[in-house]
Amino acid sequence: MPPTPRRDPRALLVTPVRVPARVLGLALGLALATRPAAAQVFQLQGGGSSLFEGYGGVLSVWGNGYEGSLGIGYLDGIRLGWSARRLLAGRDTLRLGNDALPFHLETDVFGGGSAILAQGASLQRRRGRTTLQAFGGASANAVAAPYFASNTPSRAMAYVRAQYDVRRNLSVMGHAVATNRQTVLGSVRWAPALGVTTGATAGIGSDAPYAAASLDARTSRLDVRAVYAAMGNGFRRASAPMPLQSELERENILLTWRALPALTLSAGRQHFRQDSAFRGLPQRAELNQVSANATLFGTTVSSGWYFSRAGGMRNLSSSLSARRDLSPRMQGEFYLLRVLEPEPSRITTPVLLLRESITPKLSLLQVITRERGRTSVSFGGTVNTGLTSVSLDYQVAHSPYLTTNPFVQSIGLNARVQVGSYALTLGSFVTPDGKVHYSAQGSTFFYRGLTNLAGPLAGNAGGRVDRFVITGRVVDEAGAPVEGAAVEIGSEVLYTDSRGRFFHRRPVTKALPVRVVLDDFLVAGKFEVVQAPRMATPTRDERASALTIVVRRVTTRP
């Protein structure tokens, strides 16, 4: 069979950029006026977060090769935000307005990385093995709420990021930021053997020296991730507003050994430097841990020991858990959480969880906790009707910054309610200070223009929008969106936007094959697929559930 013809990426890429009001109005006005036959997809979203105590909403519009958004929010007053992006000739992308400039180093093997909040104009170009992004404007203080950000210019700033793939197993990258304090950091990434990647970074960040070396080695039975980082006082990746983050310093290593098919052992040591606005948290923390996970006679047992230091205090704690099916409809789970040091905070907390499946759509949860001589009972469960899902589930996390009791227990809330074409979601999350916060948001899609559709909207000509949709996101292992990833659904190749999203409309519900086209990524570097579905079935908007595709950046052998 002849190869399936590919569409021009310029007709498929849909990604947002932020612009001032007059610029956005002009851009959207020109788009609407000069493309009367082109389809446009609009999404209206709104939400809030108890972490930032901010609330807002945004109207986004996608067309052939461009995207824009207009947002309004409240945080100590009404604030506005604007965004727009245009794909130029070839693979060039122009951004205007509010932006988040990526700042990922080749030695970030534990995830991490961050972004600089800014307001101005940037151009990204990719030519062969070289990718260049240049920005001019100002750093910005952001007001953040889910799906909305309003940036206020702070100080003049220029930013350049460049990457060059010397060979298939060797690449170099550089970041430069010019503002009141300067940043120049260079990184190199080398893969001497299959499954083994090394990296090095050196330079200055905010006028303070920085150097790091890393190793990421993965085999069928043993994984090793390690980084050593040294930094001067006052080091920051950029003297500009950046999202909350923890920077690794000194020696950091994590070993994972799959000794047997049913037995996994791990050990690690990490040093964190907290760069955040959380009051009362020590600036630095150290965590040493060993853990084991085994499955024996139908029972899954996990155990871990944790030794941490923060703010001149140390903590020794352990956890033990066991999970087993008690009957075809009942599952039991037991946790034993112990704090051994400091002695005044010594405590043992047993927790028993019982999960019962009442029907395929309904399950119930009981959580019984015994702490300091008191017994408490909590209830939860899951309801999933297809259109609506609500889940109250038990969560436990370990934070090395909490030296008296590092275990954070909470009942996590996740809910999705579909009312017609409107989707409402509510969720909870835990921050490093051990507090539980909540976020909520709602969204809906609507459409304009019904002919001459291309890319994600292909097949919609003929006076109507196809009724069924496939939606999804492409993210890395840390959960960060991957922009410009290529995903083939059926015979159509789609490219993700700046939030890693893609969507594809179809007139029927026939399942289609899904393939990640690694060679067609618009973003620089090489990737491999960690997780991806093989098939996807189009559904109505109100029933659509986003696919998740996970990829990992790698450097391959020659």
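The values are calculated or read from the model by the stated rules, or taken from the named source; none is laboratory data. Everything quoted here is computed from the prediction, not taken from an experiment. All Cβ positions, glycine included, derive from the backbone under ideal geometry; neighbour counts span all protein chains shown.
Taking L194, is it modelled with pLDDT of 90 or more, over 27 Å from L117 (Cβ atoms) and surrounded by fewer than 16 Cβ atoms within 10 Å (Cβ to Cβ)?
So L194 does not fit the description; no.
Return the residues of segment 475-496 that are within 14 Å of A536 (Cβ to Cβ) and not in a strand (DSSP E or B); say none if nothing qualifies.
Correct list: G490, S491.
Might you let me know whether segment 372-384 holds any residue that is modelled with pLDDT of 85 or more, of a type outside the set (V, I, T), closer than 30 Å to D541 by Cα and in contact with a Gly (Cβ under 9 Å, 6 or more places away or on another chain)?
no
Of all residues in segment 305-332 being closer than 30 Å to N288 by Cβ and among the hydrophobic types (A, V, I, L, M, F, W, C), which is modelled with the lowest pLDDT?
A310
Name, by its number, the condition in (1) closer than 18 Å to G111 by Cα; (2) not in a strand (DSSP E or B) that does not hold for G234.
Every listed condition holds for G234 apart from (1).
If I filter segment 67-82 for residues that are modelled with pLDDT of 80 or more and under 24 Å from S239 (Cβ atoms), do I get at least one hit?
The answer is no; no qualifying residue exists.
For segment 189-199, which positions are over 24 Å from the mean Cα position of the chain (by Cα), in contact (Cβ under 8 Å) with a residue 40 or more places away in the chain and assigned to a strand (DSSP E or B)?
Passing the criteria: W190, A191, A193.
Condition first: in a strand (DSSP E or B) and surrounded by 14 or more Cβ atoms within 10 Å (Cβ to Cβ). Now tell me which residues in segment 370-392 satisfy that.
E371, S378, G380, G381, T382, V383, N384, T388, S389, V390, S391, L392, listed by residue number.
Let me spell it out: the conditions are (1) assigned by TED's automatic domain parsing to the domain that holds G234; (2) more than 30 Å from V227 (Cα to Cα); (3) charged (D, E, K, R), and R273 meets all of them except one. Which number is the exception?
Among (1) assigned by TED's automatic domain parsing to the domain that holds G234; (2) more than 30 Å from V227 (Cα to Cα); (3) charged (D, E, K, R), R273 violates only (2).
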